[in-house]
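Remarks on the structure that follows.
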Amino acid sequence: RKKRRMRIAEIYPCWQGEGKLTGKLSILIRTVGCNLRCAYRSGSKITKCDSYFTSWKPVKGRELSPQEILKECEKFGKINYVIISGGEPFLQPDLEDVTQVLKDTYHITIETNGSIYKRVYCDLYSICPKLKNSIPGSGPEREVQIRNRVNHRVLLQNFMAHPNIQIKFVVSREGDGEEIKSFQKAYSLSSDDIYLMPQGVTSSELNKHAQICHKLAMKNGWNYSDRIHIRVYGKRRKV
């Protein structure tokens, strides 16, 4: 079959900023394009996706083959972990081939919103289903978000069947807890796999919503995940 190429926004070394592997030295491969349009309201402020440049206003990026991606990763020396993120990486037609090329060298985490699936190699699925708090208030993007936000069949038949998952929820209000409980019940999720992350693109926003995360996590036995890349660097790219 004809080889296709992945659209890549950036590849760079970093520390994993979220979830159970927080702090692991990793290489982040960020793809271009997303099927969602997240927008969070905090008071009168609206914050769109923290990787806005891959979703709402996607950059052109570069088209790279699996072997070219491997060579880019090898430039960073002895790093054992790779994160494939976006945007939504499952939109990429060549994702399967890329994971096959990387799997013998790297532990692979794929960060996904969980609404699209294709068979790939993956050591850890980092799934971030979008809650109702992510729905824009108006415009065509609102309909896109409502239509694509949750795909129950894909989540249940594919992602939840994987032996190593983490489910991350972006929290911005106390009412998010009831939605998360309903989600946990629907998919029979272990509390050990659920991580609450504060919404925000600045440390002050993270601090405000981290208090809500703490309250909900303590009440329901869930985990808390900070977002250290945002806390340290804000909206800066390639960190």
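The values are calculated or read from the model by the stated rules, or taken from the named source; none is laboratory data. Remember, predicted model here, so these are calculated numbers, not experimental data. All Cβ positions, glycine included, derive from the backbone under ideal geometry; neighbour counts span all protein chains shown. Remember, those area values only see protein heavy atoms, side chains included, never the ligands or the DNA or RNA. Shrake-Rupley method; radii C 1.70, N 1.55, O 1.52, S 1.80 Å.
Among the helices (runs of 4 or more DSSP H) confined to region 137-226, there are none with at least 3 residues that are open to solvent by 40 Å² or more (accessible area, probe 1.4 Å), in contact (Cβ under 8 Å) with a residue 40 or more places away in the chain and β-branched (Val, Ile, Thr).
Quickly run through region 99-115 and pick out the residues that are open to solvent by 40 Å² or more (accessible area, probe 1.4 Å) and part of a loop (DSSP other than H, G, I, E, B). Residues satisfying the conditions are LYS103, ASP104, THR105. Somewhere in region 171-178, is a residue among the aliphatic types (A, V, I, L, M) and modelled with pLDDT of 95 or more? So far as region 171-178 goes, yes, one or more of its residues are among the aliphatic types (A, V, I, L, M) and modelled with pLDDT of 95 or more. Can you confirm whether region 124-136 contains a residue that is part of a helix (DSSP H, G or I) and surrounded by fewer than 17 Cβ atoms within 10 Å (Cβ to Cβ)? Yes, because at least one residue in region 124-136 is part of a helix (DSSP H, G or I) and surrounded by fewer than 17 Cβ atoms within 10 Å (Cβ to Cβ).
Which residue is surrounded by the fewest Cβ atoms within 10 Å (Cβ to Cβ), if the candidates are limited to region 66-88 and must be in a loop (DSSP other than H, G, I, E, B) and touching a strand residue (DSSP E or B) at 6+ places or on another chain (Cβ under 8 Å)? Restricting to residues being in a loop (DSSP other than H, G, I, E, B) and touching a strand residue (DSSP E or B) at 6+ places or on another chain (Cβ under 8 Å), the top hit is ASN80. Of all residues in region 1-16, none are over 20 Å from GLN100 (Cβ atoms), out of contact with any strand residue (DSSP E or B) (no Cβ under 7 Å at 6 or more places or on another chain) and either of a type in the set (Gly, Ala, Ser) or at pLDDT 95 or above (or both). Looking only at residues of region 89-98 that are aliphatic (A, V, I, L, M) and more than 20 Å from CYS14 (Cα to Cα), we find that the one that is surrounded by the most Cβ atoms within 10 Å (Cβ to Cβ) is LEU95. Set side by side, the residues ILE110, ILE46 differ, and just one is among the β-branched types (Val, Ile, Thr), under 18 Å from MET197 (Cα atoms) and in contact with a Gly (Cβ under 8 Å, 6 or more places away or on another chain), which is ILE46.
Taking the criterion of being open to solvent by 20 Å² or more (accessible area, probe 1.4 Å) and either farther than 27 Å from CYS213 by Cα or more than 16 Å from the chain's Cα centre (by Cα) (or both), the residues of region 31-52 that qualify are ARG41, SER42, GLY43, SER44, LYS45, ILE46.
Considering region 15-26, and only residues there that are part of a strand (DSSP E or B) and more than 20 Å from LEU206 (Cα to Cα), the residue that is least open to solvent (accessible area, probe 1.4 Å) turns out to be SER26.
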